[in-house]
Amino acid sequence: MYRVLACDLDGTLLKDDKSISEKTIKALERISDEGVIFLPSTGRTHKELPPALKDLPFIHYALCCNGGSVFNYIEDRYIYEDVIPYELALEVLEYVKNLPVYETVVVNGSRIVKGDENDEICEYIKKVAVKGIVFNFTGAYDVKKAFAEKHMDAQKFLLYLAEGADRDEVINDLSARFPQLEVSSSGPLFIEVNIKGVDKGKALVKFCELMNIPIEESIAFGDAANDISMLKAAGKAVVMENGTEETKKYADLICPSNNDDGVRKVIEELWKV
């Protein structure tokens, strides 16, 4: 049976309103009591798990920043990181000033986001960002300058597409200019950027190695393109009914949608809980 359950959050475990049903939480609790490690696997940082999850006693780890880090909540530290070097991050932040995006850079689990002249988070980001994580945002009129003052490597970039911008065009532009970066997307308005080679699949493999668990004993749930590497790496790949057609190509199983408690239903079927 599977000993690691790696699960994407937005569009997978979370309903569209970002809630989680009590039945799903109970199912996760029961398999955790049986020794299964539940591993939230997300583009979010370790500080941004939704309220319904972050205080649950069985969540000891999270795969974050699309595989850029794995955080241990018990020891309050990263057990794995693969970051964008400081100097390269400065280059990226300078380059994206000329692209139709609103830039965000993640440093040590917190986000510096595009702000107005008063360093207040710009209204567009307030409108399109996941509302439950805005608390983790610091606005900056000059994101590059604010990042430079940190003198730290970047964990990832999240770029919010401006209205009318072509997502694929921006992705292709960034990929061509910065071949050392991994450029992906988890939604129509977002572009996520990590160092080359970083993805959820690589981080899941690393996590299983650290836990001395064969990768074949992992099961992964996802819905979007940034989940594909994790689905390919895991022993069993489950894709939500609401997932993209491209992502479904990598599924061993298609389950009910995120709004229909698809993750819970698979857990109940496999573990008979």
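The values are calculated or read from the model by the stated rules, or taken from the named source; none is laboratory data. Values in this document were obtained by computation on a predicted structure and should not be read as measured data. With ideal geometry, Cβ positions are generated from the backbone for all residues, glycine too; neighbour counts draw on all protein chains shown.
Give Val113, Val106, Val96 a once-over and let me know the one that is in contact (Cβ under 8 Å) with a residue 60 or more places away in the chain, closer than 21 Å to Ile171 by Cβ, outside any helix (DSSP H, G or I) and not charged (D, E, K, R).
On the way: Val113 fails: in contact (Cβ under 8 Å) with a residue 60 or more places away in the chain; Val96 fails: outside any helix (DSSP H, G or I).
It is Val106.
Considering only residues that are out of contact with any Ser or Thr (no Cβ under 9 Å at 6 or more places or on another chain), within 26 Å of Ser257 (Cβ to Cβ) and of a type outside the set (Val, Ile, Thr), look in segment 187-226 and name the one that is modelled with the highest pLDDT. Out of the qualifying residues, it is Ser218. Residues that are touching a helix residue (DSSP H, G or I) at 6+ places or on another chain (Cβ under 7 Å) and either of a type in the set (S, T, N, Q) or under 30 Å from Leu174 (Cβ atoms) (or both) within segment 194-214 comprise Asn194, Val198, Asp199, Lys200, Gly201, Lys202, Ala203, Leu204, Val205, listed in sequence order. Only strands (runs of 3 or more DSSP E) whose full extent lies in segment 214-273 are considered here, and the ones with at least 3 residues that are crowded, with 16+ Cβ neighbours inside 10 Å are 218-222, 236-240.
Considering Ser41, Ser32, the condition of being in contact with a Lys or Arg (Cβ under 6 Å, 6 or more places away or on another chain) and either crowded, with 20+ Cβ neighbours inside 10 Å or among the hydroxyl-bearing types (Ser, Thr, Tyr) (or both) is satisfied by Ser41 alone. Look through segment 93-124, keep the residues that are within 18 Å of the chain's Cα centre (by Cα) and either among the hydrophobic types (A, V, I, L, M, F, W, C) or not assigned by TED's automatic domain parsing to the domain that holds Arg167 (or both), and return whichever of them is surrounded by the most Cβ atoms within 10 Å (Cβ to Cβ). Taking the candidates together, the pick is Val106. Only residues that are assigned to a helix (DSSP H, G or I), touching a strand residue (DSSP E or B) at 6+ places or on another chain (Cβ under 9 Å), free of Cβ contacts under 8 Å to residues at least 40 places away in the same chain and closer than 25 Å to Lys200 by Cβ were counted in segment 116-169, giving 4.
Table: residues versus (1) farther than 28 Å from Val96 by Cα; (2) without any contact (Cβ under 8 Å) to a residue 12 or more places away in the chain; (3) in contact with a helix residue (DSSP H, G or I) (Cβ under 9 Å, 6 or more places away or on another chain); (4) not assigned by TED's automatic domain parsing to the domain that holds Leu159.
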residue: Ser184; (1), (2), (3), (4): no, no, yes, no
residue: Phe190; (1), (2), (3), (4): no, no, yes, no
residue: Phe221; (1), (2), (3), (4): yes, no, yes, yes
residue: Ala224; (1), (2), (3), (4): no, no, yes, yes
residue: Ala233; (1), (2), (3), (4): yes, no, yes, yes
residue: Glu246; (1), (2), (3), (4): no, no, yes, yes
residue: Pro256; (1), (2), (3), (4): yes, no, yes, yes
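Every listed requirement among (1) closer than 18 Å to Asp10 by Cα; (2) under 19 Å from the mean Cα position of the chain (by Cα) is met by Glu81 save one, (1).
Hey, can you tell me all the residues within segment 49-80 that are part of a strand (DSSP E or B) and modelled with pLDDT under 95?
To start, the set of residues in segment 49-80 that are part of a strand (DSSP E or B) comprises 61-64, 69-72, 77-80.
Matches in segment 49-80: none.
Counting the residues of segment 22-48 that are in a loop (DSSP other than H, G, I, E, B) and either modelled with pLDDT under 95 or within 19 Å of the chain's Cα centre (by Cα) (or both) gives 7.
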